[in-house]
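Below is one structure, written out as structure tokens; comments come after it.
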Amino acid sequence: MISNMKKANFLDWNNNILINSLKKIDLNIILVLILDTLFYLLSGYIVLFWLQRVQSNIANFNLPQNIVSMGYERAQELVSEVRTFYYLIIASFILLLIAIIFLASILKGIIWAKTIKSKISFNLISKFLVLNLIWMGFWFVIILLISLFVQQQSVPMFMLITIILGLFFTNTIYTIFMKNPSLKAIPKAIKLNISKIHLFLLPYTIILLLIFIIVKLNNLFTFRYSAILYGLIVVTYAALVRYYTSTLVQAIK
């Protein structure tokens, strides 16, 4: 009997959080959807531009068919050129990541401030940039390590786990940060997520289940403008999740 009461109270508590999160939605959601769409479009364009430049440079970098016949000195020069070219690609990739983080810090900073209803200021966005350089940089390194050292057949599973963990911690970090802009948001959020994981488990399971359903529906129903419709659905769902998870974090905290 007591167990049933606890379950009922827990479900009522989650329902109240959902209702309260929906009540927070106002006309700002239009700006949120526009900025979120702009972020993904610009990020995609930047990545495509970088890939095209890298492919073009690789195509122009001609290696001789018979390296042995070149002689020792010319071979050494060629090795040096290849090494320099390799370092340039790495440097350009790092610049690409910094550009995406910078873009995210501006657009996502405004998005989260509007969601949490925090005052937007240069100080907030600049601190959010520092936070993202640390936090997003950490996840980029994790993804890179997975790509380099995990067996190919296991990469999708590790990537999925990484995305879920990133979503789990990031929403909490951003919510706490927007209320009190400080790097202390990172350890506070990690501690909160771990110590209160039993309160996060059901909501995030439902969130991930709905994402799975959206992806499956997109795969089943394709038509001329399905990609645009799917993109709008994903961006709208992300906005709703942002409202809900921020309300959830504040209620737990």
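In table form, for the structure just shown:
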| quantity | calculated |
| --- | --- |
| Residue within the stretch 140-147 that is assigned to a helix (DSSP H, G or I), under 17 Å from Ser43 (Cα atoms) and of a type outside the set (Ser, Thr, Tyr) present | yes |
| Given (1) modelled with pLDDT of 95 or more; (2) more than 21 Å from Leu35 (Cβ to Cβ), number of the condition Val215 does not satisfy | (1) |
| Failed criterion for Ser246 (all others in (1) in contact with a Ser or Thr (Cβ under 8 Å, 6 or more places away or on another chain); (2) free of Cβ contacts under 8 Å to residues at least 24 places away in the same chain hold) | (2) |
| Hits in the stretch 171-203 - residues which are assigned to a helix (DSSP H, G or I), among the small types (Gly, Ala, Ser) and exposed (fewer than 14 other Cβ atoms within 10 Å of the Cβ) | Ser195 |
| Close pairs from the stretch 93-115: first assigned to a helix (DSSP H, G or I), partner surrounded by 20 or more Cβ atoms within 10 Å (Cβ to Cβ) and of a type in the set (Ser, Thr, Tyr), Cβ under 7 Å, at least 6 apart | Trp112/Tyr174; Thr115/Tyr243; Thr115/Ser246 |
| For Asn218: the one exception among (1) in contact with a Phe, Trp or Tyr (Cβ under 7 Å, 6 or more places away or on another chain); (2) loosely packed, with under 15 Cβ neighbours inside 10 Å | (2) |
| Subset of the stretch 235-248 that is among the hydrophobic types (A, V, I, L, M, F, W, C) and in contact with a Phe, Trp or Tyr (Cβ under 9 Å, 6 or more places away or on another chain) - its residue that is surrounded by the fewest Cβ atoms within 10 Å (Cβ to Cβ) | Val235 |
| Subset of the stretch 118-146 [more than 17 Å from the chain's Cα centre (by Cα) and of a type in the set (Gly, Ala, Ser)] | Ser118, Ser121, Ser126 |
| Members of the stretch 28-51 found to be among the aromatic types (Phe, Trp, Tyr) and within 16 Å of Ile101 (Cα to Cα), listed by number | Phe39, Tyr40, Tyr45, Trp50 |
| Selection status of Ile90, surrounded by fewer than 12 Cβ atoms within 10 Å (Cβ to Cβ) and either assigned to a helix (DSSP H, G or I) or at pLDDT below 90 (or both) | yes |
| Among (1) surrounded by fewer than 18 Cβ atoms within 10 Å (Cβ to Cβ); (2) within 27 Å of Asn57 (Cβ to Cβ); (3) modelled with pLDDT of 90 or more, the one test that Met136 misses | (1) |
| Single condition Thr222 does not satisfy, out of (1) part of a helix (DSSP H, G or I); (2) under 23 Å from Thr37 (Cα atoms) | (1) |
| Residue list for the stretch 221-234, restricted to those being surrounded by fewer than 16 Cβ atoms within 10 Å (Cβ to Cβ) and within 30 Å of Ile194 (Cα to Cα) | none |
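The values are calculated or read from the model by the stated rules, or taken from the named source; none is laboratory data. Just so it is clear, the model here is predicted, and its values are computed rather than measured. Here the Cβ is made from the backbone with ideal geometry for all residues, glycine too, and neighbour counts use every protein chain on show.
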